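Read through the structure below, which is laid out as structure tokens, and then see the notes.
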Amino acid sequence: MDAPTMTGTENQIQWAEQIKPTVAAEFERIRKAFEAVAAGQPEADQEDTLAILAIIEEKRIEVMSNQSAGYFIQYWRELGDQVRWMILHDERYMKISVRSRLRKKPIAF
């Protein structure tokens with residue numbers, strides 16, 4: 001089965017194909033950073049970090065499977081904090097973050 005064809009003009013597709021490896025490398029960089037953190041964490045924190053790694057992988061698949069050349073040109077040509085933003089705004093990450101803060105903060109009466 002052939003891979004889906006990217007959509008756009010020939011120039012857009014060529015440009016997007018140049019951008020995609022940079023995007024993939026950014027997801028890989030962030031994944032490795034979280035894996036390094038998880039390796040030294042207590043079990044409860046490590047569980048949260050592993051859940052974040054699953055979010056990162058899901059976002060990577062979502063982004064890299066987009067077949068619109070324009071998408072990569074518009075959103076990824078200037079690599080910034082797009083991956084970080086995607087994670088921080090994920091509802092599951094927000095729940096993990098709250099749970100983690102509550103676990104570390106003593107409850108005052």
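If I go through segment 29-44 residue by residue, how many of them are part of a helix (DSSP H, G or I) and either without any contact (Cβ under 8 Å) to a residue 40 or more places away in the chain or surrounded by fewer than 10 Cβ atoms within 10 Å (Cβ to Cβ) (or both)? Give the derivation first.
Restricting attention to segment 29-44, the residues satisfying the condition of being part of a helix (DSSP H, G or I) are 29-39, 43-44.
Next cut, either without any contact (Cβ under 8 Å) to a residue 40 or more places away in the chain or surrounded by fewer than 10 Cβ atoms within 10 Å (Cβ to Cβ) (or both) only: 29, 31-39, 43.
Result for segment 29-44: 11.
Taking the stated definitions as given, is E78 assigned to a helix (DSSP H, G or I) and either within 12 Å of the chain's Cα centre (by Cα) or charged (D, E, K, R) (or both)? Taking the combined requirement at face value, the residue does not satisfy it. The condition of being within 20 Å of N66 (Cα to Cα) and either assigned to a helix (DSSP H, G or I) or at pLDDT 95 or above (or both) holds for only one of I52, I19, that being I19. Scanning segment 49-102 for residues that are of a type in the set (A, V, I, L, M, F, W, C), exposed (fewer than 12 other Cβ atoms within 10 Å of the Cβ) and closer than 20 Å to A39 by Cα returns a single hit, A54. Scanning segment 1-28 for residues that are surrounded by fewer than 17 Cβ atoms within 10 Å (Cβ to Cβ), in contact with a helix residue (DSSP H, G or I) (Cβ under 9 Å, 6 or more places away or on another chain) and among the acidic types (D, E) turns up E17, E28.
Every listed requirement among (1) part of a helix (DSSP H, G or I); (2) closer than 20 Å to M86 by Cα is met by N66 save one, (1). Across segment 27-56, which residue is nearest to the chain's Cα centre (by Cα) among those that are under 21 Å from V98 (Cα atoms) and of a type in the set (D, E)? Step by step, filter segment 27-56, then rank; the result is E35.
The values are calculated or read from the model by the stated rules, or taken from the named source; none is laboratory data. Keep in mind that what you see is a predicted model, and the values were worked out from it rather than measured. Methodologically, a virtual Cβ is constructed for each residue, glycine included, from the backbone with ideal geometry; neighbour enumeration extends over all protein chains shown.
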